[in-house]
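Colleague: Mind looking over this structure? Questions follow.
The values are calculated or read from the model by the stated rules, or taken from the named source; none is laboratory data. If you're wondering where the values come from, they're calculated on a predicted model, not measured in any experiment. Positions of Cβ are generated from backbone atoms using ideal geometry, with glycine treated the same way; all protein chains shown enter the neighbour counts. Note: accessible area is taken over every heavy atom of the protein model, side chains too, but ligands, DNA and RNA are not part of it. Shrake-Rupley method; radii C 1.70, N 1.55, O 1.52, S 1.80 Å.
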Amino acid sequence: MSLEDFAARFRPGIRAKLDWNALAEACVNVRVESFVGDEAKQCLAALFTVWYADSAGADSSWNAPDSLPLRVGAADRTLRSWPDSRSRTVTALTQAFSASPEPVSLTVPAYLVGGGHVLLDGNHRAVAAHQADVDVHLTVCSLAAPVCESILPDLRHHAAPSP
């Protein structure tokens, strides 16, 4: 998949502060990986959300000094402090996924970082599918580009420290 194809498919849904111009100037590849069964569940749980927790375990902002990114598998750690809209959306999706006899099919855009993938869209769906504990068919379309916060501010949590 080319960057242009990635943008055509995912850009309308991506609300993360991705600098598309900086991305276009970088040397970018798009990697598409598909997972099923236990491998899909493990990959899903390991994806980083663009949701954060503070040192007390409460929901936090990406730019708060002590914020740490949450993986899908640990996102409910901050459940009690989620905004109402997030809580309602995840609950409704979890219920819908649990009630379906079919595997949940998720195709999500992500940014490849040293520790895995940062979701650019689909955080609610990914967390709900994980919470529903159902079979998942997961496709991750990842931007392989410099891990630089000028391209995406959230990447400051994933960039290698300067020597």
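Colleague: Long-range amide H contacts for Val113: which residues qualify at under 5 Å (H placed 1.01 Å from N, peptide plane, sequence gap of 5 or more or a different chain)?
Modeller: Val118
Colleague: Rounded to the nearest 500 deg cm²/dmol, what is the calculated helix-only ellipticity per residue at 222 nm for the chain, with -39500 (n - 2.57) per DSSP H run of length n ≥ 4?
Modeller: -9000 deg cm²/dmol
Colleague: What is the local net charge at Pro153, summed over the other residues whose Cβ is closer than 14 Å to its Cβ (Lys, Arg +1; Asp, Glu -1)?
Modeller: 0
Colleague: So, for region 7-156, what is the accessible surface per residue at a probe of 1.4 Å, expressed in square angstrom?
Modeller: 49
Colleague: I would also like to ask the following. Given charges of +1 on the Cβ of Lys and Arg and -1 on the Cβ of Asp and Glu, with all other atoms neutral, how large is the dipole of region 81-141 about its Cα centre, in debye to the nearest 20?
Modeller: Rounded to the nearest 20 debye, it is 160 debye.
Colleague: Once the mean 1/r over all distinct Cα pairs of region 64-103 is inverted, what Kirkwood radius in angstroms do you read off?
Modeller: 11.9
Colleague: As an exercise, use a Förster radius of 30 Å and the Cβ-Cβ distance of Cys148 and Arg11 to find the FRET efficiency, rounded to the nearest 0.05.
Modeller: After rounding, the FRET efficiency stands at 0.95.
Colleague: What distance in nm lies between label points placed 7 Å from Cα along the C-beta direction at Ala92 and Asp66?
Modeller: 3.4
Colleague: How large is Rg/Rh for the chain, to two decimals, with Cα atoms and a Kirkwood Rh?
Modeller: Answer for the chain: 0.96.
Colleague: Within region 1-142, what percent of beta bridges assigned by DSSP are antiparallel, to the nearest 5?
Modeller: 65
Colleague: Once amide H atoms are placed 1.01 Å from N in the peptide plane, what residues at a sequence separation of 5 or more from His137, or on another chain, have their amide H within under 5 Å of its amide H?
Modeller: Long-range HN contacts for His137: Val104, Ser105, Leu106.
Colleague: Now, a different point. For region 107-163 and region 1-73, what is the centre-to-centre distance using only Cα atoms, to the nearest Å?
Modeller: Here the answer is 3 Å between Cα centres.
Colleague: Also, quick follow-up: With a 1.4 Å probe and all protein chains left in place, how much of the accessible area of region 10-163 comes from carbon and sulfur atoms, in whole percent?
Modeller: Reported share for carbon and sulfur atoms: 49 percent.
Colleague: In region 1-106, what trypsin sites (Lys or Arg not before Pro) fall in a loop by DSSP, with at most 15 other Cβ atoms inside 10 Å?
Modeller: Within region 1-106, the qualifying trypsin sites (Lys or Arg not before Pro) (loop, at most 15 other Cβ atoms within 10 Å) are Arg15, Lys17.
Colleague: Also: Starting from the Cα-Cα distance between Ala45 and Asn29, subtract it from 0.36 nm times their residue separation and give me the gain in nm to one decimal.
Modeller: Here the segment from Ala45 to Asn29 would lengthen by 3.4 nm.
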